[in-house]
Every structure is written in C-alpha cells, then in structure tokens.
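*Asks:* Before I ask anything, let me first share the structure, which is written out below as structure tokens.
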Amino acid sequence: MPSIQEELIKTIRDVPDFPKPGILFKDITPILADAKLSVRVSEALAEQWEALQLTSVIGIESRGFIFGMQLAQTLGVAFIPVRKVGKLPYKTIKHSYDLEYGSAEIEMHMDAVKPGDKVLIHDDLLATGGTAAAAAELVKKSGGEVGGFSFLIELAFLKGIEKLKPYHHDVRRLVSF
Ligand code: AMP
C-alpha cells in the first residue's frame, strides 16, 4: 500500500493563481471525495497526538473544522471553532494579526478555553504561520497552554514553523511541499 504521504501528494490538487495571482492553492477537496483516504488521514492525525494529555482541539475556519472535529472526537476531547470575526454567537475574545497586505482578526468563545487547559491547534495547511500563531494567542489570552500544532500540509519554503516555535516545539504535518 502506498504511504499516506504518497497518497496525499497524488491527491491534493494544485490550483494556480487562487485566490489571487501568484498563489498556488493546495485544494484538499479531492481528499474529502475519497472516503478511504479521509479515514486514513483522520487516523494518521490522531496517532500523532494520542499519547498527550490534551483537553481540546481548536479547528481554524473553515478547512480546519473538517479534520479538526474528527481529531477531537478520536482523542475524546472538546472541539473549539476559531472563526473570522462576526460569526460566533456568544461573547468572544479576539486577536488581530498582520497579513502580507493588511490585517485579519479571528475570535473564539470566551469560555471555550479554561485556565490550565492544554489545547492542540489544527488547520489544513501551514503557510506563513500567522493564523495558527493568532490562534495560539487566543489560547494564551484565555489562560490555557498550547499543546502542539497539527496540519495536513506544510508549505516549508514559507518557514511557518519558525513563527510557531515560541508557542510550542511540536509542529506536525502529514505532508510537506
Ligand atoms: P498562514 O496564516 O499564512 O499560515 O495561512 C494559513 C491559512 O491560509 C490556512 O487556513 C490555509 O488554509 C490558508 N492558506 C494559505 N496558503 C494556502 C495555499 N497555498 N493553499 C491553500 N490554503 C492556503
């Protein structure tokens, strides 16, 4: 059987110039279309964190929700959605961060992370690391601790890992481009 890395490299679809010129978008929908591969991905993600005593998994809007929720269920812990501002109904805490051009803001329910919680941060893809670092700031603002970072894909040339290291040394991904 091909390794999960081989399967992912074969399956992830490159879409040039989306959402803007010069960006090579890594489209994970062909993974979702393959039920067997999706199960393999879920299992491989969960295996990486089984031994740790985590209290919750953050999934970052919106592709981080897909495998993040499954990861939380397999680990038997809470799932926490982190979203762009204005989408969550209850009281929230926010964090803004710089993008290549301009800035962005994400938020989380104020009672989602409690002091002492150990939270895994999950998204589909690690690019510059700005989004995952902003999620880590939300965990810190709530008095929680970052327990690690989980991605399907890393774009290694953008060196996002460097931005995440101050929060936790354990940054894992299934495949790197
Ligand atoms: P960053 O904050 O730069 O690490 O960007 C990460 C977020 O942007 C993730 O939620 C990704 O889904 C998305 N993203 C950034 N670059 C790409 C790309 N080349 N292909 C797919 N998604 C991307």
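*Asks:* Divide by every residue of the chain the summed helix terms, -39500 (n - 2.57) for each DSSP H run of at least 4, and state the resulting mean residue ellipticity at 222 nm, rounded to the nearest 500 deg cm²/dmol.
*Replies:* -9000 deg cm²/dmol
*Asks:* Where a Cα-Cα gap under 19 Å defines reach, which lysines qualify for Lys36, not counting those fewer than 8 residues away within the same chain?
*Replies:* Within the straight-line cut-off, Lys36 pairs with Lys10.
*Asks:* Still on this structure, I have one more. Provide the three semi-axes, in whole Å and in decreasing order, of the ellipsoid equivalent to the range 48-167 as defined by the square roots of 5 times the Cα gyration tensor eigenvalues.
*Replies:* 19, 18, 13
*Asks:* List the GluC sites (Glu not before Pro) within the range 1-95 that fall in a DSSP loop (any state other than H, G, I, E or B) and whose Cβ has at most 13 other Cβ atoms within 10 Å.
*Replies:* For GluC sites (Glu not before Pro) across the range 1-95 that sit outside H, G, I, E and B with at most 13 neighbouring Cβ atoms in 10 Å, the list reads Glu50.
*Asks:* Spelling out what I want: for every residue of the range 135-147, take phi, set θ = phi - 60°, compute 6.51 cos²θ - 1.76 cosθ + 1.60 (Karplus), and round to whole Hz; glycine and proline get x.
*Replies:* Running phi through 6.51 cos²θ - 1.76 cosθ + 1.60 with θ = phi - 60° gives 5, 5, 5, 5, 4, 5, 4, 8, x, x, 10, 6, x Hz.
*Asks:* Would you grab the residues whose amide H sits under 5 Å from the one on Glu145? Only those 5+ places off in sequence or on another chain, please, with H modelled 1.01 Å from N.
*Replies:* When sequence neighbours closer than 5 places are left aside, the close amide H contacts are Gly116, Asp117, Lys118, Val119.
*Asks:* Determine the per residue accessible area of the range 50-160 with all protein chains present and a 1.4 angstrom probe, expressed in square angstrom.
*Replies:* Ligands and nucleic acids excluded, the result is 46 Å² per residue.
*Asks:* Along the positive direction of the dipole of the chain (beta-carbon charges: Lys, Arg +1; Asp, Glu -1; about the Cα centre), which of His109, Ile121, Gly68 reaches farthest?
*Replies:* The listed residue farthest towards the positive side: His109.
*Asks:* I would also like to ask the following. Students often forget the sequence filter, so: which lysines lie under 24 Å Cα-Cα from Lys94 once same-chain residues fewer than 8 apart are removed?
*Replies:* Lys84, Lys114, Lys118, Lys140, Lys141, Lys163, Lys165
*Asks:* GNM on the chain, C-alpha springs below 10 Å: top fluctuator among Ala136, Ala51, Ala127?
*Replies:* Taking springs between Cα atoms under 10 Å, the residue moving most is Ala51.
*Asks:* Please state the shape class of the range 7-113: rounded when a/c is under 1.5, otherwise prolate if a/b exceeds b/c and oblate if not, all from the C-alpha gyration tensor.
*Replies:* Since a/c reaches 1.5 but b/c is at least a/b, the shape of the range 7-113 is classed as oblate.
*Asks:* Most mobile of Leu24, Leu152, Leu138 per a Gaussian network model of the chain (Cα springs, under 10 Å)?
*Replies:* Comparing Leu24, Leu152, Leu138 in a Gaussian network model of the chain, the most mobile one is Leu24.
*Asks:* Which trypsin sites (Lys or Arg not before Pro) in the range 69-177 sit in a loop by DSSP (not H, G, I, E or B) and have at most 14 other Cβ atoms within 10 Å of their own Cβ?
*Replies:* Lys87, Lys91, Lys159
*Asks:* May I pose another question? In whole percent, and with a 1.4 Å probe on the protein chains, what portion of the accessible area of the chain is carbon and sulfur?
*Replies:* It is 55 percent, rounded to a whole number.
*Asks:* Using alpha-carbon positions, what is the distance between the centroids of the range 37-80 and the range 110-149, in Å?
*Replies:* 14
*Asks:* With only Lys, Arg, Asp and Glu charged, each at its Cβ (+1 for the first two, -1 for the last two), find how big the charge dipole of the chain is about the Cα centre; round to the nearest 20 debye.
*Replies:* So the dipole magnitude of the chain works out to roughly 300 debye.
*Asks:* So which chymotrypsin sites (Phe, Trp or Tyr not before Pro) in the range 41-117 end up in coil per DSSP with only 14 or fewer other C-beta atoms within 10 Å?
*Replies:* Here the chymotrypsin sites (Phe, Trp or Tyr not before Pro) that fit, given the DSSP loop and packing criteria, are Tyr90, Tyr101.
*Asks:* With both bridge residues required to lie in the chain, what share of the DSSP beta bridges run antiparallel, to the nearest 5%?
*Replies:* 35
The values are calculated or read from the model by the stated rules, or taken from the named source; none is laboratory data. Quick caveat, the model's predicted, so the values are computed rather than measured. Note that each Cβ is placed from the backbone with ideal geometry, even for glycine, and that neighbours are counted across all protein chains shown. SASA here: full protein model, heavy atoms, side chains in, ligands and nucleic acids out. Shrake-Rupley method; radii C 1.70, N 1.55, O 1.52, S 1.80 Å.
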